[in-house]
Amino acid sequence: MKFSYNLLLLPLLLVFCLNATAQSQKQHKEIIADLNAVKPGQGRVMVFEDKAIAEVLGRSMAPARTVYATGDGSVQYVKMRGFKIQAFSGNNQRTSKNEAYYKQGLINTSFPGQETVVTFDSPFWRLRVGNFKTREDAAEVLSDMRKTFPAFGKEMYIVIDEVKIPVDQLQE
């Protein structure tokens with residue numbers, strides 16, 4: 001009976017340990033010690049841990065982020081999942097390209113601090129604005145953009161995209 005209980009507990013413990021990779025070695029040792037501790041009235045559990053698991057647990061499993069720099073090297077940034085404002089999307093072969101670049105010029109004039117990018121992903125021309133870590137940051141700028149450009153403000157919305165976040169803003 002005790003043997004089958006241990007066999008049942010071992011896979012559960014293994015899943016728990018693999019999900020806890022972000023914990024430090026100290027926290028890991030405290031968990032194992034707590035599981036191995038004798039607690040009156042609760043039975044006794046013995047955890048036998050493979051050394052390979054102990055070596056993996058305390059390390060960060062996330063890959064290191066690549067740091068990029070602007071052309072002049074003045075700003076270092078990382079690429080990550082974030083939010084942009086899609087200010088235009090059109091698939092009219094005759095007018096969409098010109099409209100995207102026209103709106104890019106208007107936005108660059110009114111919001112010089114926001115990066116604008118025109119892309120072509122057949123058959124769509126798209127204009128995306130900004131690099132935002134959170135949806136809330138994007139929503140604030142979107143509100144300002146809709147006030148500034150009421151004629152095409154209704155076609156603007158927030159999208160998830162790869163963004164460039166300056167290294168000094170990562171910890172905020």
Select from the stretch 36-141 those chymotrypsin sites (Phe, Trp or Tyr not before Pro) which occupy a DSSP coil region and have at most 10 other Cβ atoms within 10 Å, ordered by residue number. 48
The answer for residue 115, listing residues at least 5 apart or on another chain whose modeled amide H is closer than 5 Å to its amide H, is 130, 131
Translational diffusion coefficient of the stretch 67-169 at 4 °C, 1.567 mPa s, Stokes-Einstein with Kirkwood Rh over Cα pairs, in µm²/s as a whole number. 91 µm²/s
Distance-filtered residues of the stretch 128-168 - backbone nitrogen under 15 Å, label point 7 angstrom along residue 120 Cα→Cβ: none
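Over 25 Å between C-alpha atoms is what I'm after, so list which of 97/133; 51/79; 103/154; 79/147 land there. Write down the numbers at each step before the final one.
Details: 97/133 28 Å; 51/79 35 Å; 103/154 14 Å; 79/147 29 Å.
Checking Cα-Cα distances, 97/133; 51/79; 79/147 exceed 25 Å.
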In whole Hz, with x marking every Gly and Pro, tabulate ³J(HN,Hα) for the stretch 64-75 from phi via Karplus 6.51 cos²θ - 1.76 cosθ + 1.60, θ = phi - 60°. 5, 7, 6, 9, 9, 9, 5, x, 8, x, 6, 10
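Only the coordinates and a few stated rules stand behind these numbers; no lab work does. Keep in mind the model is a prediction, meaning the values are calculated, not measured. Please note: Cβ atoms are built from the backbone with ideal geometry, for glycine as well, and neighbour counts cover all protein chains shown.
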